[in-house]
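Novice: Can you read through this structure? Questions will come right after.
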Amino acid sequence: MYFSKLTTAVILLFIFKSITAQNGSVAGRIADPDTGERIPFATIAVYQGESAEPLTGDVSDGNGNFEIGGLPFGSYRLIVSFIGYETKEIPGIDINSQAPGATLGTIHLSQSVTGLEEVEVTAMARTSSSRIDRTTYRAADFETARGGTASDLLSRLPSVLVSPDGEVSVRGASDFLVYLNGRPTTMEPSMILSQISAGSIESVEIITVPGARFDAQGAGGIININTRRAAIEGLSVSARLQGGSAPWGELTDPYSGYEMNNDMYGGNLDLLYHSDRVTLYSNLYYNKRNTNGIRNGNASILQPTGENYTLHGTGARPELHENISVNGGLVLDISEQSSLDLSYFFANRTETRGAYYLYRGEGLTDPPPYAGNTDYWTFNPNVGDRLGIIHNITAQYSFEPDEYSELGIMAAYERTELRRDLSNPNYSYDEAADIITSIQRHFMQSDDTPLDGFRLNIDYQRELNNGHSIGAGFQPQYLNNRGSFSYDTLNVVQNIWGSFSSLENDFDLKRGIYAAYLNYSGNAGNLGFMAGLRMEYTDQVMDIENPDYFSLFDRETKPRYTLERANLFPSLHLSYPVFDNDELTMAASRRINRPQTQNMAPFLYRRHHEVYEVGDPALEPEYLNNLEVSYLKRAGNQNIRLTGFYRGTNNAVFRIYTVYDEENILIRSFTNAGTSTALGAELNTDLSIGRIARIYLGGSLYNFNVSGEFFGYMEDNSSTNWTLNGNVNIFLNRSLRLVVDFDWRSATVTAQGSEDMFFVTGAALNYIPPRWQAWNFTIRALDILGTNVTNWSTRAYDSSGRQIFFKETDYDRYGPVAELSVTYSFNLNGRTLRRDVDTFGDEQF
């Protein structure tokens, strides 16, 4: 009996060893081809043969490594994916008795996005993910912004501020450079961000300390917008219609008769075709949005008598935004080693700002003829239109001669046609009858500023025998921006228009930037590093047709302004794993911010009844030094990241005000006048509560200082600033999701004043019918507490320290606003497209 049992045990052991001996494994590491940085927590799905369902899978560890065992002998393929990167398939992996362990080496993921991937995960995907040089945010989690533009989406991200004019800033630094799908653009950031549908965005990357491979331009760093691309065989179609309003808040201006509302409607259509070697994609987007607002303001200007002339202005301030864009392209895999990517982007943008203000002036020492006396009323219904047409053509060729090297060549041409028209009349007002009477004066100003931009990038990356990577590139670009400005005035007696020729002007700006860089990255033990050096030579010439243009500054004006300058921009990124899943990173870089052309144009605009604005052709670049140290704590699906940061700006450009004494009016311009610094910390948390909720909270606390000499007076203003952003996704069931977000910012100083605290919140309810998952319904409520109010104040002093004016303004944009969007997506191969695969998800493997 004993012998029989022993024999049975030996036989079972032999069978077990035979079975287990027929199992193998696959191993490798995931890395970024551009930086060489390892990518932690990438998803690796293992498929057997041509099976459509994954057999098993895993995620890469903190150093980007993975090893998946227990695989029966056979033929396999891997699908590797990570947010912000293009999903990659590795076919033809054979595991057998002669080669039971397949070692794949380094798997590079390209920085692109495939947004219609059908691999599902059980755990909910993170709202954000961090790498050595950037933080990536999933657009799908910010549902309240999905009916708007890229600007609306950015305004929901932590520490990011988008002003009503579309200016983006992070931690007080503005002038970001915008990349689209990893490619640089030369367009004005506010222009391109307003043309991209938030519903077409897969993810947004915030790169506050870019490496040498990226342009050194941009005080705040780089924003990379990744849009959706096809990843499913066949033709995929997605259509979205949306509309909204706030009929309970409609108003009519009593003097102009202008009817204000918050009506919004639009939609987009995505067509995506994917085969083994070809991907075709196109997107058509249309959006029209009205914004209902009221403005209240007061200005006080010191008079020669020592008394103050005060001007009170209030009235309707509506806005209209209309955007049309078409985006299309072709991605062709020429061979196993090479691919060609062609794209075209067209956009037409119209932005109208109305300002129907009734002014009350008091204490004017030397009243002009239209005022009549020291106390007067005037109605100023000025309307400004900003028009833009954009064409962008890009071609990119990639060649990988082997698994260790890659050559990329990118060429782009951009044509932007910009125009601004401003109508600025003044009418008499009869206070007793409460009616508008005769016209007093009327100004008409307009400019045309077409822009042509050319760019070439040649980039080479190679992995060395020691596992490190070296990269080098040459990236020249050329920009030609021309401008023509007209200033017409109305003879109110004869009703005849005439040009104000002394204020009219033309300019021609040519700017060449010739850049080269060198990168070296890798790992020294557990220490990951990426060091780079970039050289940029700027050759800029700006010709002014009328050198006697109006200027605020006490210096000689010239017909030509030149800038020839070579600069070096070093960068360093370090990462070190702590414990099993945590990571410590450090980043430092030097950057440049060349002024926008619109801030240099010598065009004198009468922006409002009380404000002139003029550019300064003598503006020079500002230079920035950035340092960040971060600690990332990972615990399953819970992420907490603490970042300490410093940013110092030298030769900083400020928008400054003073008084134009001849007309008793404020006037503003731009100048290099001093420095600004920000020193503080930022805390971001990405938390999951089982399958019930995902919570993202981000906050920052920092000291902000601006200092400089403005018209002989030294300003030195500091404030302790804080921001708090929240985004909560609550999964009520498998089909219903509630999203709530808020944005809360402290008051802050400016170069000559301050801005008050700001708070706004929104909510969205998203429903995907269980039996019709091609349909997606979303109801949004924006500004649900009606707190979308912006308040700011400005003051200026003369060289003796005497205050010469004070101005305070608040803009109240009406809320709440309700919106509804309906999306239908399908694939002609019969598969339903789940655009937001993070909802509940079925079992992964």
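Novice: For segment 267-277, which residues satisfy the criterion of being open to solvent by less than 40 Å² (accessible area, probe 1.4 Å) and among the aliphatic types (A, V, I, L, M)? Give the derivation first.
Specialist: Filtering segment 267-277 for residues open to solvent by less than 40 Å² (accessible area, probe 1.4 Å) gives 267-268, 270, 272, 275.
Once the filter is applied, which keeps residues that are open to solvent by less than 40 Å² (accessible area, probe 1.4 Å) and among the aliphatic types (A, V, I, L, M), segment 267-277 yields only 272.
Novice: What number of residues within segment 303-318 are open to solvent by less than 20 Å² (accessible area, probe 1.4 Å) and under 26 Å from the mean Cα position of the chain (by Cα)? Steps first, please.
Specialist: Taking segment 303-318 and keeping what is open to solvent by less than 20 Å² (accessible area, probe 1.4 Å), we get 303, 309, 311, 313, 315-316, 318.
After this cut, where a residue has to be under 26 Å from the mean Cα position of the chain (by Cα) as well, the list is 318.
Total satisfying the criteria: 1.
Novice: What number of residues within segment 234-266 satisfy the criterion of being open to solvent by 30 Å² or more (accessible area, probe 1.4 Å) and of a type outside the set (D, E, K, R)?
Specialist: As a first pass, look at segment 234-266 and keep what is open to solvent by 30 Å² or more (accessible area, probe 1.4 Å): 235, 239, 241, 247-248, 250-252, 254-259, 261, 263, 265.
Among the residues that remain, those that are also of a type outside the set (D, E, K, R) are: 235, 239, 241, 247-248, 251-252, 254-258, 261, 265.
Total meeting the criteria: 14.
Novice: Now for a separate question. Somewhere in segment 367-376, is a residue in contact with a Phe, Trp or Tyr (Cβ under 7 Å, 6 or more places away or on another chain), modelled with pLDDT under 95 and assigned to a strand (DSSP E or B)?
Specialist: Looking for residues that are in contact with a Phe, Trp or Tyr (Cβ under 7 Å, 6 or more places away or on another chain), modelled with pLDDT under 95 and assigned to a strand (DSSP E or B), one finds none in segment 367-376, hence no.
Novice: Tell me which strands (runs of 3 or more DSSP E) are completely within segment 729-791 and hold 1 or more residues being of a type in the set (Asp, Glu) and within 24 Å of the chain's Cα centre (by Cα), or say none if there are none.
Specialist: Numbers: elements: 736-745, 748-750, 753-755, 758-767, 775-782.
It comes to 736-745, 753-755.
Novice: Further, regarding this structure: Suppose the filter is open to solvent by less than 40 Å² (accessible area, probe 1.4 Å) and hydroxyl-bearing (Ser, Thr, Tyr); does residue 286 pass it? Explain how you work it out, then say what you get.
Specialist: Values: open to solvent by less than 40 Å² (accessible area, probe 1.4 Å): no; hydroxyl-bearing (Ser, Thr, Tyr): yes.
No: the conditions fail for residue 286.
Novice: To continue, here is another question. Those residues that are open to solvent by 40 Å² or more (accessible area, probe 1.4 Å), of a type in the set (S, T, N, Q) and modelled with pLDDT of 90 or more, I need them from segment 796-845; list them, please.
Specialist: 799, 800, 803, listed by residue number.
Novice: Inside segment 600-697, counting only strands (runs of 3 or more DSSP E) that do not spill past its ends, which hold 1 or more residues that are buried (at least 21 other Cβ atoms within 10 Å of the Cβ)? Lay out the reasoning, then the answer.
Specialist: Values: elements: 605-608, 611-613, 622-635, 638-660, 665-689.
Those strands (runs of 3 or more DSSP E) span 605-608, 622-635, 638-660, 665-689.
Novice: Could you check how many residues of segment 305-327 are β-branched (Val, Ile, Thr) and over 30 Å from residue 195 (Cβ atoms)?
Specialist: As a first pass, look at segment 305-327 and keep what is β-branched (Val, Ile, Thr): 305, 310, 314, 324, 326.
Now narrow it down to the ones that are over 30 Å from residue 195 (Cβ atoms): 305, 310, 314.
Matching residues across segment 305-327 total 3.
Novice: Here's a follow-up. With the condition kept exactly as written, say whether any residue in segment 172-194 is at pLDDT below 70, of a type in the set (Gly, Ala, Ser), assigned to a strand (DSSP E or B) and open to solvent by less than 20 Å² (accessible area, probe 1.4 Å).
Specialist: Yes, there is a match, as at least one residue in segment 172-194 is at pLDDT below 70, of a type in the set (Gly, Ala, Ser), assigned to a strand (DSSP E or B) and open to solvent by less than 20 Å² (accessible area, probe 1.4 Å).
Novice: Being surrounded by fewer than 18 Cβ atoms within 10 Å (Cβ to Cβ) and touching a Leu at 6+ places or on another chain (Cβ under 8 Å) is the requirement here; does residue 420 meet it? Spell out how you get there, then give the answer.
Specialist: Numbers: surrounded by fewer than 18 Cβ atoms within 10 Å (Cβ to Cβ): no; touching a Leu at 6+ places or on another chain (Cβ under 8 Å): yes.
It is false that residue 420 is surrounded by fewer than 18 Cβ atoms within 10 Å (Cβ to Cβ) and touching a Leu at 6+ places or on another chain (Cβ under 8 Å).
Novice: Exactly one of (1) open to solvent by 10 Å² or more (accessible area, probe 1.4 Å); (2) touching a Phe, Trp or Tyr at 6+ places or on another chain (Cβ under 6 Å); (3) more than 30 Å from residue 359 (Cβ to Cβ) is unmet by residue 300. Its number?
Specialist: (3)
Novice: If you don't mind, there's one more thing I want to ask. Tell me, which residue of segment 443-454 that is open to solvent by 30 Å² or more (accessible area, probe 1.4 Å) and out of contact with any Lys or Arg (no Cβ under 7 Å at 6 or more places or on another chain) is nearest to residue 376 (Cα to Cα)?
Specialist: 444
Novice: When residue 477 is evaluated against the numbered criteria (1) open to solvent by 60 Å² or more (accessible area, probe 1.4 Å); (2) in contact (Cβ under 8 Å) with a residue 40 or more places away in the chain; (3) within 18 Å of residue 511 (Cβ to Cβ), which criterion, by number, is the only one it fails?
Specialist: Just one mismatch for residue 477, condition (1).
Novice: Right, residue 199: modelled with pLDDT under 75, open to solvent by less than 20 Å² (accessible area, probe 1.4 Å) and not in a helix (DSSP H, G or I) or not? Outline the logic, then answer.
Specialist: Details: modelled with pLDDT under 75: yes; open to solvent by less than 20 Å² (accessible area, probe 1.4 Å): yes; not in a helix (DSSP H, G or I): no.
No.
Novice: Of the residues 64, 70, which single one is on the phi > 0 side of the Ramachandran plot, open to solvent by 30 Å² or more (accessible area, probe 1.4 Å) and either among the small types (Gly, Ala, Ser) or modelled with pLDDT of 80 or more (or both)? Show your work before the answer.
Specialist: On the way: 64 fails: open to solvent by 30 Å² or more (accessible area, probe 1.4 Å).
It is 70.
Novice: Given the conditions (1) open to solvent by 40 Å² or more (accessible area, probe 1.4 Å); (2) within 30 Å of residue 716 (Cβ to Cβ); (3) in contact with a Ser or Thr (Cβ under 7 Å, 6 or more places away or on another chain), and given that residue 793 satisfies all but one, which numbered condition is not satisfied?
Specialist: Checking residue 793 against (1) open to solvent by 40 Å² or more (accessible area, probe 1.4 Å); (2) within 30 Å of residue 716 (Cβ to Cβ); (3) in contact with a Ser or Thr (Cβ under 7 Å, 6 or more places away or on another chain), the one that fails is (1).
Novice: Take the residues in segment 75-98 that are surrounded by fewer than 12 Cβ atoms within 10 Å (Cβ to Cβ) and small (Gly, Ala, Ser); name whichever of them is modelled with the highest pLDDT.
Specialist: Restricting attention to segment 75-98, the residues satisfying the condition of being surrounded by fewer than 12 Cβ atoms within 10 Å (Cβ to Cβ) are 91-92, 97-98.
Keeping just the survivors that are small (Gly, Ala, Ser) gives 92, 97.
Details: 92: 83, 97: 79.
Top of the filtered list is 92.
Novice: Strands (runs of 3 or more DSSP E) wholly in segment 433-545 with at least 1 residues that are farther than 23 Å from residue 606 by Cα and either modelled with pLDDT under 90 or under 26 Å from the mean Cα position of the chain (by Cα) (or both) - which ones? Outline the logic, then answer.
Specialist: On the way: elements: 435-448, 451-463, 469-491, 496-499, 505-524, 527-544.
Hits in segment 433-545: 451-463, 469-491, 505-524, 527-544.
The values are calculated or read from the model by the stated rules, or taken from the named source; none is laboratory data. The structure displayed is predicted, hence computed values, not measured ones. All Cβ positions, glycine included, derive from the backbone under ideal geometry; neighbour counts span all protein chains shown. Note: areas computed on protein heavy atoms with side chains; ligands, DNA, RNA excluded. Shrake-Rupley method; radii C 1.70, N 1.55, O 1.52, S 1.80 Å.
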